[in-house]
Amino acid sequence: MNDGKGRYKSAIAHRERKAQAMADIVASPQRFIEALAKARPALDPEAERARVLKKVTKGLEKREAQKAASAKAKMNIKRSADSSKVAAAPKKAKTKKPAPKKAKTKKKD
């Protein structure tokens, strides 16, 4: 499904799930590290924890920066739209012209 802005809802949902997962990891990294240790036992858990936290916080910071930039851009668009409304004179609405009437001809007997 397309949301009308050139993005697919599945992609948006994926990004939201990813952001939620990152937030969960930051909130309780220990559970994530334990799961990771089971999956890859050869790695040093503390080093892995530091690596993951660094990566996740960087991702969250990027996301926040993106949101801020998006909000700023929206404000700029609104501001420019407001200023153009003041400058432009209201345009007269065009009236639809009626279709030309067909010339009537007399019937011949």
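Tabulated values for the structure
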item	result
Test: residue in the range 52-59 that is farther than 21 Å from ILE12 by Cα, at pLDDT below 80 and over 28 Å from the mean Cα position of the chain (by Cα)	no
Subset tally (residues that are of a type in the set (Asp, Glu) and modelled with pLDDT of 85 or more) for the range 60-97	2
Residue check for ALA47: at pLDDT 70 or above, loosely packed, with under 12 Cβ neighbours inside 10 Å and under 21 Å from LYS67 (Cα atoms)	no
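The values are calculated or read from the model by the stated rules, or taken from the named source; none is laboratory data. Worth saying up front: this structure is predicted, and the values here are computed from it rather than measured. Backbone-built Cβ (ideal geometry, glycine too); neighbour counts: all protein chains shown.
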